Amino acid sequence: MSTLNEYEQRYLAMLDELSGSAEVQVFHEERRPVSEITGDAKTAFEMIADELGIHLDASLRRTYMRFDGLSSYWAIERPGVYLTGEFSIDHIATVMFDDGADELITDETPEAERQIYSELRVCDRHPRGGGGSLAGLRINPGVAKPEVWYYHGTHGVSKLDIGYDEYLDALLVTKGTYGWQYLFVEDPPVQEVEYQSALDDMRDMLQIFPDLFPRHDYAPFVSRLEARR
């Protein structure tokens, strides 16, 4: 394996945090090798621009990772608490060359959502315990920073108020706890049961994680949760 960049090391350290904790049950983990084909961030972004006409903002290079894939599916069980989560992320080039999330479209899907699904490039899947939930990137013409959208089977798709680099930063802290994206949804489905359940899980996460994984900063997530009440 070639020398890992700083952000790649942070993600492997996050996987080590999960697998190394006696309190975390890791049901599935995948650490695929880095891709040597696409090169560094500058080279990969230039390839995406040349072949797709998508000019990603240079600020996204900070979170560039060359792994062909990283994933984890885990759970923490305490008296009265069952906290679980999942993520499965791919190389940014793989994400950009994705054909869209047309598989989410059904006969009942509103036309506006159909358009969004056809434009989404899936960047984080939850296939094992997430009920098909996922996150995707949407590229608007002339916009260098993709929008991030979160899909849940019950209420459809919602736009997040953070960029892809911030999404990856948050994933390092939340470790994919199911529903963490609701802390960043622009228009949360406040009447939905799964939304209120996700907020309960966020409270549990913010009580448990600082003890298990103390090196992270949880203050921004606490502030987000307080604002959702």
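Yes/no per residue for (1) aromatic (Phe, Trp, Tyr); (2) more than 20 Å from His216 (Cβ to Cβ); (3) open to solvent by 70 Å² or more (accessible area, probe 1.4 Å):
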{"residue": "Leu12", "(1), (2), (3)": "no, no, no"}
{"residue": "Leu18", "(1), (2), (3)": "no, no, no"}
{"residue": "Ala22", "(1), (2), (3)": "no, no, yes"}
{"residue": "Pro33", "(1), (2), (3)": "no, yes, yes"}
{"residue": "Lys42", "(1), (2), (3)": "no, yes, yes"}
{"residue": "Glu46", "(1), (2), (3)": "no, yes, yes"}
{"residue": "Asp50", "(1), (2), (3)": "no, yes, yes"}
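Cβ-Cβ distances below 9 Å connect the following pairs, each with a first residue in the range 200-229 that is within 20 Å of Val24 (Cα to Cα) and in contact (Cβ under 8 Å) with a residue 40 or more places away in the chain, a second residue that is of a type in the set (D, E, K, R) and outside any helix (DSSP H, G or I), and a separation of six or more residues or different chains: Asp204/Arg78; Met205/Lys175; Ile208/Glu23; Ile208/Arg78; Leu212/Glu23; Phe213/Lys175. If I filter the range 85-104 down to residues being in a loop (DSSP other than H, G, I, E, B) and at pLDDT 80 or above, which single residue comes out as farthest from Lys175 (Cα to Cα)? My answer is Phe97.
Restricting Leu52, Leu56, Leu70, Leu15 to those that are among the aliphatic types (A, V, I, L, M) and touching a residue at least 60 places away in the same chain (Cβ under 8 Å) reduces the list to Leu56.
Return a yes/no flag: does the range 25-39 have any residue that is in a strand (DSSP E or B) and touching a residue at least 60 places away in the same chain (Cβ under 8 Å). For the range 25-39, residues in a strand (DSSP E or B) and touching a residue at least 60 places away in the same chain (Cβ under 8 Å): present.
Quick check on the range 105-127. Is at least one of its residues in a strand (DSSP E or B) and either among the aromatic types (Phe, Trp, Tyr) or farther than 20 Å from Leu56 by Cα (or both)? Among the residues of the range 105-127, at least one is in a strand (DSSP E or B) and either among the aromatic types (Phe, Trp, Tyr) or farther than 20 Å from Leu56 by Cα (or both), which makes the answer yes. Only one of the listed residues (Glu103, Glu166, Glu113) is of a type in the set (D, E, K, R) and closer than 27 Å to Pro220 by Cβ. That residue is Glu166. Of all residues in the range 52-68, those being buried (at least 18 other Cβ atoms within 10 Å of the Cβ) and in a helix (DSSP H, G or I) number 2. The residues of the range 208-219 that are surrounded by 13 or more Cβ atoms within 10 Å (Cβ to Cβ) and farther than 19 Å from Tyr11 by Cα amount to a single one, Ile208. Val222: part of a loop (DSSP other than H, G, I, E, B), of a type in the set (A, V, I, L, M, F, W, C) and open to solvent by 50 Å² or more (accessible area, probe 1.4 Å), yes or no? No, not satisfied.
Among the listed residues Thr84, Thr94, which satisfies the condition of being of a type in the set (S, T, N, Q) and open to solvent by 70 Å² or more (accessible area, probe 1.4 Å)? Of Thr84, Thr94, the one residue that is of a type in the set (S, T, N, Q) and open to solvent by 70 Å² or more (accessible area, probe 1.4 Å) is Thr94.
You will find that of Val173, Val148, the residue that is within 27 Å of Tyr64 (Cβ to Cβ) and open to solvent by 10 Å² or more (accessible area, probe 1.4 Å) is Val173 and no other.
The values are calculated or read from the model by the stated rules, or taken from the named source; none is laboratory data. A quick note: this is a predicted structure, and the numbers were derived from the prediction, not measured. We place every Cβ from the backbone using ideal geometry, glycine too, and count neighbours over all the protein chains shown. Quick note on the areas: whole protein, heavy atoms, side chains included, nothing else; ligands and nucleic acids left out. Shrake-Rupley method; radii C 1.70, N 1.55, O 1.52, S 1.80 Å.
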